[in-house]
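Worksheet: the structure to be examined is printed underneath.
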Amino acid sequence: MKYIVRLQAEIMVKSKSVRSRHGKLLTANLRNQLKAIDPAIKVKWKWDRIEIELAANPAKALSMAVVERLSCTPGVLYFDRVQQHPLTDFATLLEWILPFKAAQLIGKTFAVRVKRKGNHPFSSQDMARYIGGGIRERVAGTSVRLKGAEEELVLMVSDEDVFLVERRFHGMGGFPLPSQETVLSLMSGGFDSTVSSYQMIKRGARTHYCFFNLGGDAHEAGVREISYYLWKRFSPSHPVKFISIDFAPLVDTILTHVDNGLMGVVLKRTMLRAASLATRYVNAQALVTGEAMGQVSSQTLTNLAVIDEVTSKLVLRPLIAMDKQDIVDIARNIGTEPLAAAMPEFCGVISNKPTVKADLDKVRQAEAAITDEMIEAQVYPAQIIDIRELHNESMATVNLSAATDEYASKVILDIRNEEEIELAPLTEQPYSVQSLPFFKLEKAFVGLPSDTLYLLYCDQGVMSRMQVLHLRELGFNNVSVYEKLPS
């Protein structure tokens with residue numbers, strides 16, 4: 001089996017040297033990631049495409065893992081699963097094509113699309129006419145329709161080889177990592193910060209994470225999980241850092257010394273001062289925030305200008321002109337919506353009447369009590385964790401296990417959605433399995449027996465941990481994380 005990967009269109013129109021650099025980066029990224037799935041997978045850079053070659057009849061699980069990895073790698077526009085055959089006469093090619101496509105085309109209109117590279121004694125139209133006519137004669141109920149066909153049969157001829165496209169998959173687009181410079185994303189775990197981080201990864205920037213702890217260990221554990229999820233799914237080719245800064249002392253100073261209407265702006269300026277100092281840990285050239293113009297009082301143009309004035313670092317805002325629903329839609333598409341929705345809001349500074357047009361001189365006077373030495377005292381002892389260790393670290397931060405002997409019975413709660421359960425049902429486990437979608441957990445737990453231990457399960461293990469943390473905060477101690485038994 002073979003996959004043909006096409007690079008993002010924006011890459012293909014760049015100069016030869018830039019195009020070559022992007023292609024080689026993407027090839028190296030795919031090779032390293034796919035090698036972890038199966039060392040036998042071959043990855044070859046062919047200038048206008050990348051070819052991924054698997055065994056002739058790979059296991060379904062292997063194919064699914066490859067598709068998931070290709071679809072979540074920055075720089076991939078789309079990729080085709082193809083069958084390959086030597087370029088022979090048209091009659092032989094027709095006999096080769098029919099077993100793959102006949103059942104799919106029965107009773108449908110179709111069109112044959114031929115794309116050629118190289119010199120051949122025939123035209124693309126010649127091949128399309130012959131193959132199309134042969135299918136129409138051999139497959140019941142078919143008819144050719146060049147526009148608006150129900151099915152398209154795509155053939156790619158490259159020199160002496162012919163590729164039949166079985167299925168096309170969408171990639172995430174963007175540029176390969178790390179074709180752009182390094183950034184540090186201010187991560188709160190909500191919709192905005194997760195989507196803005198994703199946008200920078202998609203654009204080819206190595207994205208590290210900076211977390212300002214205002215909500216205690218449980219909040220930090222949740223943010224660690226979502227940061228790990230973003231890295232693991234979209235940028236595992238390059239390890240990054242998670243920086244955790246205890247911000248409680250600085251928030252106390254703001255609450256004590258800053259006028260109520262200016263608190264939000266001063267808090268954001270203090271965060272940028274601290275994040276700018278933290279860039280030295282990861283050699284980041286810019287800061288990334290999830291702010292969108294006009295979303296809250298601190299995000300007016302006037303206030304954003306006042307906030308940015310405090311740092312010489314470039315501040316990037318990928319979401320600046322996006323509606324909230326657009327941001328939520330992207331979060332849903334990339335899989336962070338349920339994680340962000342479950343993230344509790346921790347706002348250490350809430351103004352009753354926040355200003356929308358902060359005066360820079362008044363802001364400077366208000367923040368005079370927040371000295372550089374105070375910020376350094378919080379940034380220098382910050383926790384700096386390799387993202388590859390973050391999953392285990394988050395488990396250590398908040399103990400999600402439970403004393404199983406204390407409970408009369410144990411039940412596994414599968415908190416995935418119906419489609420996920422149908423695709424990979426949870427069978428042959430040591431305890432009974434019940435289905436309860438994650439968004440129903442909080443209400444449902446009130447009526448569940450307290451003498452039963454409920455073990456939450458999801459595919460990635462991230463949502464189950466997030467929900468356990470949330471339920472523990474609500475006072476439910478009879479809940480823990482379930483690790484599926486190996487099949």
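The values are calculated or read from the model by the stated rules, or taken from the named source; none is laboratory data. This one's a predicted model, so the numbers in the text were calculated from it and none came from an experiment. We place every Cβ from the backbone using ideal geometry, glycine too, and count neighbours over all the protein chains shown.
Structural remarks
- Filter result for the condition that a residue is out of contact with any strand residue (DSSP E or B) (no Cβ under 9 Å at 6 or more places or on another chain), more than 18 Å from M271 (Cα to Cα) and either surrounded by fewer than 22 Cβ atoms within 10 Å (Cβ to Cβ) or not hydrophobic (A, V, I, L, M, F, W, C) (or both), over P249, P236: P236
- Meets criteria (modelled with pLDDT of 90 or more and hydrophobic (A, V, I, L, M, F, W, C)) for I350: no
- Flag if A102 is surrounded by 13 or more Cβ atoms within 10 Å (Cβ to Cβ), free of Cβ contacts under 8 Å to residues at least 40 places away in the same chain and not polar (S, T, N, Q): yes
- Residue list for the range 456-468, restricted to those being at pLDDT 75 or above and either outside any helix (DSSP H, G or I) or at positive phi (or both): L456, Y457, C458
- A count restricted to the range 132-142 and to residues that are surrounded by 14 or more Cβ atoms within 10 Å (Cβ to Cβ) and either of a type outside the set (D, E, K, R) or not assigned by TED's automatic domain parsing to the domain that holds T92 (or both) stands at 6.
- E442 falls short on exactly one of the conditions (1) under 22 Å from F476 (Cβ atoms); (2) at pLDDT below 85; (3) of a type outside the set (G, A, S); (4) in a loop (DSSP other than H, G, I, E, B), and that condition is (4).
- Exclusive hit being in a loop (DSSP other than H, G, I, E, B), at pLDDT 80 or above and outside the structural domain of G335 (by TED's automatic domain parsing), set L413, L426, L471, L453: L426
Residue by residue, here is whether (1) touching a Gly at 6+ places or on another chain (Cβ under 8 Å); (2) more than 28 Å from I131 (Cα to Cα); (3) not in a strand (DSSP E or B) holds:
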residue: A40; (1), (2), (3): no, yes, yes
residue: V43; (1), (2), (3): no, yes, no
residue: N57; (1), (2), (3): no, no, yes
residue: H85; (1), (2), (3): no, no, no
residue: I97; (1), (2), (3): no, no, yes
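- Cross-chain or 6+ apart pairs with Cβ under 7 Å, the range 275-286 first and assigned by TED's automatic domain parsing to the domain that holds I385 and buried (at least 17 other Cβ atoms within 10 Å of the Cβ), then assigned to a helix (DSSP H, G or I) and β-branched (V, I, T): L277/I375; L277/V379; A278/V379
- Evaluated against (1) modelled with pLDDT under 75; (2) under 30 Å from S244 (Cβ atoms), E389 falls short on exactly one condition, (1).
Yes/no per residue for (1) without any contact (Cβ under 8 Å) to a residue 24 or more places away in the chain; (2) surrounded by 16 or more Cβ atoms within 10 Å (Cβ to Cβ); (3) assigned to a helix (DSSP H, G or I); (4) among the hydroxyl-bearing types (S, T, Y):
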{"residue": "M64", "(1), (2), (3), (4)": "yes, no, yes, no"}
{"residue": "V67", "(1), (2), (3), (4)": "no, no, yes, no"}
{"residue": "Y78", "(1), (2), (3), (4)": "no, yes, no, yes"}
{"residue": "A111", "(1), (2), (3), (4)": "no, yes, no, no"}
{"residue": "Y130", "(1), (2), (3), (4)": "no, yes, yes, yes"}
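- Filter result for the condition that a residue is within 21 Å of D161 (Cβ to Cβ) and within 28 Å of the chain's Cα centre (by Cα), over D80, D89: D80
- Of residues in the range 29-62 being aliphatic (A, V, I, L, M) and touching a Phe, Trp or Tyr at 6+ places or on another chain (Cβ under 9 Å), the one surrounded by the fewest Cβ atoms within 10 Å (Cβ to Cβ): L54
- Some residue of the range 298-320 being at pLDDT below 95, within 28 Å of P381 (Cβ to Cβ), hydroxyl-bearing (S, T, Y) and not assigned by TED's automatic domain parsing to the domain that holds L471: yes
- Inclusion of L250 among residues that are farther than 14 Å from V288 by Cα and at pLDDT 90 or above is warranted.
- Counting only residues that are out of contact with any helix residue (DSSP H, G or I) (no Cβ under 7 Å at 6 or more places or on another chain) and either at pLDDT below 95 or not hydrophobic (A, V, I, L, M, F, W, C) (or both), the range 198-247 holds 13 of them.
- Output for the range 290-314, where each listed residue is closer than 15 Å to G264 by Cβ, touching a residue at least 12 places away in the same chain (Cβ under 8 Å) and not in a loop (DSSP other than H, G, I, E, B): S297, S298, T302, N303, L304, V306, I307, D308
- Any hit, the range 274-289, residues being touching a Ser or Thr at 6+ places or on another chain (Cβ under 7 Å), in a helix (DSSP H, G or I) and closer than 21 Å to F191 by Cα: no
- Search result, residues across the range 369-388 that are exposed (fewer than 13 other Cβ atoms within 10 Å of the Cβ) and more than 15 Å from A275 (Cβ to Cβ): T371, E373, P381, D386
- Flag if G118 is touching a residue at least 24 places away in the same chain (Cβ under 8 Å) and over 26 Å from D48 (Cα atoms): no
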